[in-house]
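Student: My structure is below; once you've seen it, I'll send some questions.
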Amino acid sequence: MYRKNEMIELNITSLTSDGDGVGRAGELVFFVPNTAVGDTVRARVLKVKKNVGFGRVEEVLTPSADRIAPECPVSFSCGGCVYRHISYEAECRAKRQKVIDAVTRIGRLPEELVRDIVPSKNIDGYRNKAMIPVGLDRDGKVVMGYYARHSHNIMHCLRCRLSPSVFNDIIADVYAFLSRRPGLVYTLQNRRGIRHIYLRGTAQGEVMVCVIAGKRRFEDDSVLYDSLKEKYPQIKSIVVNVNACDTNVILGDRTFSVWGADSLTDTLCELRFEIAPEAFYQINRDQTQRLYAKAKGYAALTGEETLLDLYCGAGTIGLTMADSCKELIGVEIIPEAIENAKRNAQNNGIANARFFCGDATAAAEKLREEGVRPDVIVVDPPRKGLTPELIATVAEMSPDRIVYVSCDPATMARDLKLFTEQNYSVKEITPFDMFPRTSHVESVCLMSRRKIRNEETI
């Protein structure tokens, strides 16, 4: 049995879904972050369980052909990027394999259904959203940046390669403001200061600054706001979100406009979308347009269909398809997002769309009871995927096609298996790299209803 802090030599043969390298020492499998397939490394044992161990690279003895020098000085300690140390081509191969592994092992589906991954044209500066935690270190100094991997410890970092430069500049200025006023940082004792700085941007270069704090007002808040407005003409909106709850949830229930608009407007797939702080909106705009185009192609709309968009958010997916269907129905549980969706339809002159607020499972059941029979259903669920009840209800609606947009291959594969038991066939899955350098991968899947003839499924 290996002991903690013992040094071992490992050949890295594969990667986990989280991007950790996998190597075997005797009968034990070790998971080691920041390694690449083909590496031979000397690793320090950190923890050993019954069948697996966890290690940390101390020395790369023989580097993989995929290994490159990380461009980011904090990539090995930050919890965001896990693929900075390998080429982008190797990253895309790993992400496609992640989808294949989930589809074959969990979904029990053939590997051939997974098409080539669609790479991102930009691997840096692509994020239109950033949430930066704010805290104090043990010495009472202000820290801002990103959470270290698998922890809520803030790793101080004011510049992220994934964010546009204006985001990084704003964060640096907020840090300069707070470093002179550490008492304005939220703690469990004061419950009033700043917890996060939340930034959103558009393709037009406009920026929203959302300050997440324990109270609506805090000392010298106008000094901060005025300095940002004066320095950055890109800022079109400043809002405060109030959250004094002792949870890991970032946004609170109340948002107040401080200056400018209370939302931003972005252009996506030639439509204009209004985005509130609370509304879901894809982070990589250019790649989102490609993903939505694939989803629309899978939907194969002719202008005569009723399209149901579940988990519709601000209506982005459904509204990009509205010009090709007879009626669009969108369902979302977040009230602010539904209001956004309604305004987005109105602002784009789309008259064949209606949206209502509700839980996707309950809403789908309600529509089924009303006799609504959608020809095509699009689902874009959160990471936890769909409920078995929703899958059953969707299947009972008998749409000709289901387009599943997924941010988690494992839950997608689990759900696809259930759909195949409900008279649906999986036709094709296309992975998209929406979040370069991170472990995440999105997928778009097409399912079609199997035809029934003489009570036999064919």
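What follows draws every value from the coordinates through simple rules; no lab data is involved. Just so you know, these numbers come straight off a predicted model, no measurement behind them. When we count neighbours, we look across all protein chains shown, and the Cβ atoms used for this are built from the backbone with ideal geometry, even at glycine.
Student: Pull up the cross-link candidates among the aspartates and glutamates for Lys451, meaning alpha carbon to alpha carbon under 17 Å and not fewer than 8 places away within one chain.
Tutor: The reachable aspartates and glutamates, counting only those whose Cα sits under 17 Å from Lys451, are Asp375, Glu396, Asp400, Glu421.
Student: Report, by chain and number, residues whose modeled amide H sits under 5 Å from the one on Val378, excluding near sequence neighbours (fewer than 5 apart, same chain).
Tutor: Hits under the 5 Å cutoff: Leu308, Asp309, Leu310, Val403.
Student: Next question, about the same structure. For Gly135, what is the net charge nearby, where nearby means another residue's Cβ is under 15 Å from its Cβ and Lys, Arg count +1, Asp, Glu -1?
Tutor: +3
Student: Would you mind checking which residues have amide H under 5 Å from Thr187's amide H? H placed 1.01 Å from N; only 5 or more apart, or other chain.
Tutor: Residues meeting the criterion, in which the H sits 1.01 Å from N, are Arg192, Gly193.
Student: Take every Cα-Cα distance within segment 7-67, group them into 10 Å bins from 0 onward, and report for each bin the whole-number percent of pairs it holds.
Tutor: Per 10 Å bin, starting at 0, the Cα pair percentages come out as 27, 62, 11, 0.
Student: Can you give me the C-alpha center-to-center distance between segment 86-157 and segment 226-268, rounded to a whole angstrom?
Tutor: What the calculation gives is 25 Å, centre to centre.
Student: If you take every residue apart from Asp380 with its C-beta less than 11 Å away from the C-beta of Asp380, what net charge results, scoring Lys and Arg +1 and Asp and Glu -1?
Tutor: Its environment carries a net charge of -3.
Student: Per residue of segment 209-221, what does 6.51 cos²θ - 1.76 cosθ + 1.60 with θ = phi - 60° give for ³J(HN,Hα)? Whole Hz please, x for Gly and Pro, Karplus curve as stated.
Tutor: Karplus-based 3J(HN,Hα) across segment 209-221 equals 10, 10, 9, 9, 9, x, 9, 5, 10, 9, 4, 6, 4 Hz.
Student: For every other residue with a beta carbon closer than 11 angstrom to the beta carbon of Asp359, add +1 if it is Lys or Arg and -1 if Asp or Glu, then tell me the sum.
Tutor: Net charge around Asp359: -2.
Student: Quick one: which residues, 5+ away or cross-chain, put their amide H under 5 Å from the amide H of Val29? H built at 1.01 Å from N.
Tutor: Amide H to amide H, under 5 Å and 5 or more residues apart or across chains, Val29 pairs with Gly53.
Student: So what J values fall out for segment 291-299 if you push phi through Karplus, 6.51 cos²θ - 1.76 cosθ + 1.60 with θ = phi - 60°, rounded to Hz, Gly and Pro as x?
Tutor: Working through the residues one at a time gives 5, 5, 5, 5, 4, 5, x, 5, 5 Hz.
Student: Students often check this: by mean Cβ neighbours within 10 Å, which of 111-120, 391-400 ranks highest, and how do the rest follow?
Tutor: Taking the mean over residues of other Cβ atoms within 10 Å, the ranking is 391-400, 111-120.
Student: Helix-only estimate, please: 222 nm mean residue ellipticity of the chain, summing -39500 (n - 2.57) across DSSP H runs of length 4 or more and dividing by its residues, to the nearest 500.
Tutor: -7500 deg cm²/dmol
Student: Explain nothing, just compute: Karplus ³J(HN,Hα) = 6.51 cos²θ - 1.76 cosθ + 1.60, θ = phi - 60°, for every residue of segment 253-261 in order, whole Hz, x for Gly and Pro.
Tutor: Each residue's phi maps through the Karplus curve to give 8, 10, 10, 10, 7, 9, 7, x, 6 Hz.
Student: Still on this structure, I have one more. Can you tell me the equivalent ellipsoid semi-axes for segment 129-263? Use √(5λ) from the Cα gyration tensor, largest first, whole Å.
Tutor: Those come to 21, 17, 15 Å.
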